[in-house]
Amino acid sequence: MSNNKQPNVVVIGGGTGMPVLLRGLKDLPVKLTALVTVADDGGSTGRLRNEMAIPAPGDIRNVIAALSDAEPMLLELFQHRFTIGNGLSGHSMGNLLLAAMTSITGNFYTGIKEISRVLNVKGKIYPISNESMSLHATMEDGTTVSGESNIPLANKKIERVFLSPQPVNPLPNAVRAIKKADLIVIAPGSLYTSIMPNLIIPQIDVALQQTKGKVVYVCNVMTQAGETTGYTAADHVQAISDHIGNGCVDSIVVHNEPINKNVRDVYAEENAAPVVYDTDRLLEMGLQIIESDIINPSRTTLRHDTQKIAKLLHSLIS
């Protein structure tokens with residue numbers, strides 16, 4: 001790669017983990033693209049999705065906020081959630097703006113592009129698909145649970161997830177971005193309900209298998225009740241492989257410092273525990289293991305440290 005050409009970095013995901021990565025990466029000399037899930041169906045997002053027949057805007061909204069260089073007040077407005085008991089209650093201003101812009105432009109992706117311009121977004125944001133979709137899970141006991149927000153509530157072991165209505169069409173730009181990427185980062189987040197809905201879309205899975213770019217998975221630090229209870233780091237990667245084929249993921253980033261007991265206790269109440277990284281199995285799977293202290297220590301909620309993780313990811317390509 002020549003010195004004057006900035007590397008193409010693609011981040012795939014949704015939920016709370018993805019914006020953390022993006023906030024750090026946007027300040028680095030990379031060409032950044034975010035591919036974001038639209039399978040969410042809870043809260044404001046779910047209501048807008050059903051009432052206006054648009055893909056879910058919530059995860060996109062958080063990504064726009066993370067990549068925006070707008071005035072703090074404007075961002076606060078964008079992320080504002082109405083609370084008073086009326087027709088707007090629970091809705092987020094940004095979701096409403098995305099819905100309105102989709103109506104004006106007639107196209108969800110065009111709406112995102114226009115709002116990104118207004119909010120001075122660094123990098124490109126693509127919904128993984130321009131269509132509304134629903135996520136379903138087949139459980140190990142053979143039952144099926146429908147709806148992204150219902151899947152963890154079933155509290156059963158998930159065998160695989162799938163989308164409807166078929167066929168789901170990817171956004172062509174999203175497929176192209178993966179093919180052109182120097183580095184593809186699978187963000188941390190809910191494995192089956194935030195990450196997987198992106199990866200299992202037809203053509204996206206194939207692009208991940210064929211890309212010349214390096215695919216790195218930033219592993220969750222804690223397990224999640226109803227999704228990954230008891231999962232090791234290798235189990236997370238295995239789940240991805242079971243859905244899109246072996247060998248797609250080249251390396252895994254794991255947190256290698258002990259987690260403070262108070263924090264562990266808080267998570268234990270939600271049936272969550274630190275993800276154990278099983279080095280031997282990860283190596284057997286042919287993965288490069290990148291270990292580092294990547295947690296922001298100052299919080300009771302564990303979050304990846306924006307700056308640390310961005311620097312670490314950047315070092316993989318520079």
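As a length-normalised measure over Cα pairs under 8 Å and 6 or more apart, the relative contact order of the chain settles at 19 percent.
Across region 1-85, Cα pairs under 8 Å and at least six residues apart give a relative contact order of 26 percent. Here the 3J(HN,Hα) profile of region 71-81, calculated from phi with Karplus coefficients 6.51, -1.76 and 1.60 at θ = phi - 60°, is 4, x, 5, 5, 5, 5, 4, 4, 8, 5, 10 Hz, Gly and Pro shown as x. Share of antiparallel DSSP beta bridges in the chain, in percent to the nearest 5? Close to 35 percent.
Using a cut-off of 32 Å between Cα atoms, the listed pairs 26/212; 124/212; 156/212; 156/179; 113/179 include 156/212; 156/179 as exceeding that distance. Which of rounded, prolate or oblate describes the chain when judged by the alpha-carbon gyration tensor and an a/c cut-off of 1.5? Rounded, since a/c falls under 1.5.
Gain on full extension, evaluated as 0.36 nm per residue between residue 71 and residue 164 minus their Cα-Cα distance, stands at 29.6 nm. In the chain, the portion of solvent-accessible area held by carbon and sulfur atoms comes to 50 percent [1.4 Å probe, whole percent, DNA, RNA and ligands not counted]. Between the alpha-carbon centres of region 25-71 and region 93-150 there is a gap of 7 Å. Computed with a 1.4 Å probe over protein heavy atoms only, the accessible surface of region 202-267 comes to 39 Å² per residue. In straight-distance terms, cross-link reach from residue 180 covers every one of the aspartates and glutamates whose alpha-carbon lies under 20 Å from its own, apart from those fewer than eight places away in the same chain; here that gives 205, 250. The aspartates and glutamates within cross-link reach of residue 122, meaning a Cα-to-Cα straight distance under 15 Å and a gap of 8 or more places when in the same chain, are 27, 69, 71, 114. Rounded to the nearest 500, the helix-only mean residue ellipticity at 222 nm of the chain stands at -10500 deg cm²/dmol, with each DSSP H run of n ≥ 4 adding -39,500 (n - 2.57).
The values are calculated or read from the model by the stated rules, or taken from the named source; none is laboratory data. Treat the numbers as computed from the prediction; the structure is a model and nothing was measured. When the accessible area is computed, the model is the full protein with side chains, heavy atoms only, and any ligands, DNA or RNA have been set aside. Shrake-Rupley method; radii C 1.70, N 1.55, O 1.52, S 1.80 Å.
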